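The values are calculated or read from the model by the stated rules, or taken from the named source; none is laboratory data. No experiment lies behind these values; they were computed from the predicted model shown. Here Cβ is always computed from backbone atoms with ideal geometry, including for glycine, and neighbour counts include all displayed protein chains.
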Amino acid sequence: MEFRDSPEEAAFRQEVRDFLARELPKGLGRPGEEEELWDGIDRYGFYREWTKKLAQKGWIAPHWPKEYGGAGLTVMQQFILNEEFARARAPRPGGVGVNYAGPTIILFGSEEQKREHLPGILSGEVIWCQGFSEPEAGSDLASLKTRAERQGDYYLVNGQKIWTSGAQFAHRMILLARTDPDAPKHKGISYFLVDMRSPGITVRPLYNMAGAPGFNQVFFDNVKVPRKDLLGEENMGWYYATKTLDFERSSIGAAMAQQNVLEDIVAVVRDRKKAGAPPRREVLWGLADRAIEAQVARLLCYRVVTLQAKGLVPNYEASTAKLYASELAQRVARTGLKVLGLYGLLDRQRKAGPEAAANRWAPLRGRLMRNYLWSVAATIAGGTSEIQRNIIAVRGLSLPRD
């Protein structure tokens, strides 16, 4: 496992740090400082300009080939970029369009599809969502039942998708649907690039514990999908889905995010100590444990990216990093609430005026409380902990299948 940057990698890391120091507003992503930062500033205007600056450097989709608007970065350069952005709490455009739809279109799409879809993904004007999971096809995705029946120049799609993040404002969807019900379940699936404005599509939000409509159910009722929106060959969708270019699977963003949360918790403890309320010993022990675990998560990420840099494909190593990082997120969140005590139940007051004074009673403006609620899904999203443990057991420890 490589711990040190090569001279070229060190130069690139410094380039990224210089860019962030020059272009990123101070205080972004930090409770208290962030609210003052946006006072009188056009938030959306900033993100538009930020996106333009990243696009000029090819950092919107750094893993894409240069001929398609990417930067063509090496695996280690991608890792460094993600690590430094996460450390600085800098916004990174991405999502389904940049990380999944675009790379898959580059690999398997026609030239017409590339011309139609790639520019909108890079500019951020076209938002994509992922239509894979179904109520009875989650971990066993190949059991999906959504049908796409070919009828002349279009496919007629009927079925349901669930846990579709961002579907409520997405313009396009990468959709897996069954086109041959008689074929073995992995061989009768096709991959579509669906216009979410098509008649017959209904999106219903699912509110999570944090009160946000992050997920959605999507229903297809006789939706006509033109043949031009079929990606590659019919019935090859499962192959395309598994080959979707995954630009960097080290989970370094998640590991650095936990270090950032720990910094916020430690800041609260220090402020209380200055105010005459020194922390209990068990609080310090808990923070020390989490700090060590955050470093372990970071090292697991380094192991994954080292394999990738050598041209190897991480398997159980990536599952180990994902499993550890997602469960660490829950431990950090619990530690944060223990530190805050009953104050950890408070959220920031979103209303302006006198009622906004309640913000002073919510440490970190309620960020740790919301982080705790969001962390519950960490061991489900992106592959459940059970699935990750199975992969580690079978592929990493050579244990027999259950």
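For region 148-180, what are the residues that are of a type in the set (Ser, Thr, Tyr) and at pLDDT below 95?
The first filter runs over region 148-180 and keeps only residues of a type in the set (Ser, Thr, Tyr), leaving 154-155, 164-165, 179.
Once the filter is applied, which keeps residues that are of a type in the set (Ser, Thr, Tyr) and at pLDDT below 95, region 148-180 yields Thr164, Ser165.
Can you pull out the helices (runs of 4 or more DSSP H) entirely within region 233-309 that have at least 3 residues that are free of Cβ contacts under 8 Å to residues at least 40 places away in the same chain?
It comes to 252-274, 281-309.
With respect to Phe192, determine if the residue is out of contact with any helix residue (DSSP H, G or I) (no Cβ under 8 Å at 6 or more places or on another chain) and closer than 21 Å to Gly97 by Cβ.
When the stated conditions are applied, Phe192 does not pass them.
Only one residue in Asn82, Asn99 is touching a helix residue (DSSP H, G or I) at 6+ places or on another chain (Cβ under 6 Å) and either of a type outside the set (D, E, K, R) or surrounded by fewer than 20 Cβ atoms within 10 Å (Cβ to Cβ) (or both). Which one? Please lay out each step first, then the result.
Numbers: Asn99 fails: touching a helix residue (DSSP H, G or I) at 6+ places or on another chain (Cβ under 6 Å).
Exactly one of Asn82, Asn99 is touching a helix residue (DSSP H, G or I) at 6+ places or on another chain (Cβ under 6 Å) and either of a type outside the set (D, E, K, R) or surrounded by fewer than 20 Cβ atoms within 10 Å (Cβ to Cβ) (or both), namely Asn82.
Any idea which of Met236, Met256, Met196, Met209 is under 30 Å from Val339 (Cβ atoms), not assigned by TED's automatic domain parsing to the domain that holds Val332 and not small (Gly, Ala, Ser)?
The match here is Met209.
Is it true that some residue in region 273-286 is assigned by TED's automatic domain parsing to the domain that holds Gly336, surrounded by 18 or more Cβ atoms within 10 Å (Cβ to Cβ) and over 30 Å from Leu118 (Cα atoms)?
yes
Would you pick out the residues in region 146-194 that are out of contact with any Pro (no Cβ under 7 Å at 6 or more places or on another chain), more than 26 Å from Gly214 (Cα to Cα) and among the aromatic types (Phe, Trp, Tyr)?
Within region 146-194, Tyr155 is the sole residue that qualifies.
Residues in region 44-62 that are touching a residue at least 24 places away in the same chain (Cβ under 8 Å), under 17 Å from Glu15 (Cα atoms) and of a type outside the set (A, V, I, L, M): how many?
4
Given the conditions (1) modelled with pLDDT of 95 or more; (2) of a type outside the set (Lys, Arg); (3) more than 30 Å from Phe192 (Cα to Cα); (4) touching an Asp or Glu at 6+ places or on another chain (Cβ under 7 Å), and given that Val296 satisfies all but one, which numbered condition is not satisfied?
Looking at each condition in turn, Val296 falls short on (4).
Within region 288-307, is even one residue of a type in the set (Val, Ile, Thr) and in contact with a Pro (Cβ under 8 Å, 6 or more places away or on another chain)?
Yes - at least one qualifying residue is present in region 288-307.
Does any residue of region 181-189 turn out to be touching a helix residue (DSSP H, G or I) at 6+ places or on another chain (Cβ under 8 Å), within 21 Å of Glu112 (Cβ to Cβ) and either modelled with pLDDT of 95 or more or in a strand (DSSP E or B) (or both)?
No, because not a single residue in region 181-189 is touching a helix residue (DSSP H, G or I) at 6+ places or on another chain (Cβ under 8 Å), within 21 Å of Glu112 (Cβ to Cβ) and either modelled with pLDDT of 95 or more or in a strand (DSSP E or B) (or both).
In this structure, is Gln77 assigned by TED's automatic domain parsing to the domain that holds Ala21 and either small (Gly, Ala, Ser) or in contact with a Pro (Cβ under 9 Å, 6 or more places away or on another chain) (or both)?
yes
Out of the residues in region 195-219 meeting the condition of being touching a strand residue (DSSP E or B) at 6+ places or on another chain (Cβ under 6 Å) and of a type in the set (Gly, Ala, Ser), tell me which one is farthest from Pro135 (Cα to Cα).
Step by step, filter region 195-219, then rank; the result is Ser198.
I'd like to verify a number: residues in region 13-45 that are surrounded by 10 or more Cβ atoms within 10 Å (Cβ to Cβ), modelled with pLDDT of 80 or more and in a helix (DSSP H, G or I), how many?
Residues flagged as surrounded by 10 or more Cβ atoms within 10 Å (Cβ to Cβ), modelled with pLDDT of 80 or more and in a helix (DSSP H, G or I) within region 13-45 amount to 10.
All but one of (1) at pLDDT 90 or above; (2) assigned to a helix (DSSP H, G or I) hold for Trp59, so report the exception by its number.
Only one criterion is unmet by Trp59, namely (2).
Would you point out the residue of region 163-199, among those that are surrounded by fewer than 14 Cβ atoms within 10 Å (Cβ to Cβ) and more than 22 Å from Asp140 (Cα to Cα), that is farthest from the chain's Cα centre (by Cα)?
Across region 163-199, the extreme among qualifying residues is Pro199.
Can Val203 be described as assigned by TED's automatic domain parsing to the domain that holds Ala329, over 19 Å from the mean Cα position of the chain (by Cα) and surrounded by 14 or more Cβ atoms within 10 Å (Cβ to Cβ)?
In short, no.
Taking Ser398 as meeting all but one of (1) in a helix (DSSP H, G or I); (2) without any contact (Cβ under 8 Å) to a residue 60 or more places away in the chain, write down the number of the exception.
(1)
Looking at (1) closer than 22 Å to Gly166 by Cα; (2) modelled with pLDDT under 95; (3) in a loop (DSSP other than H, G, I, E, B), which is the only condition Arg197 fails?
For Arg197, the failing item is (2).
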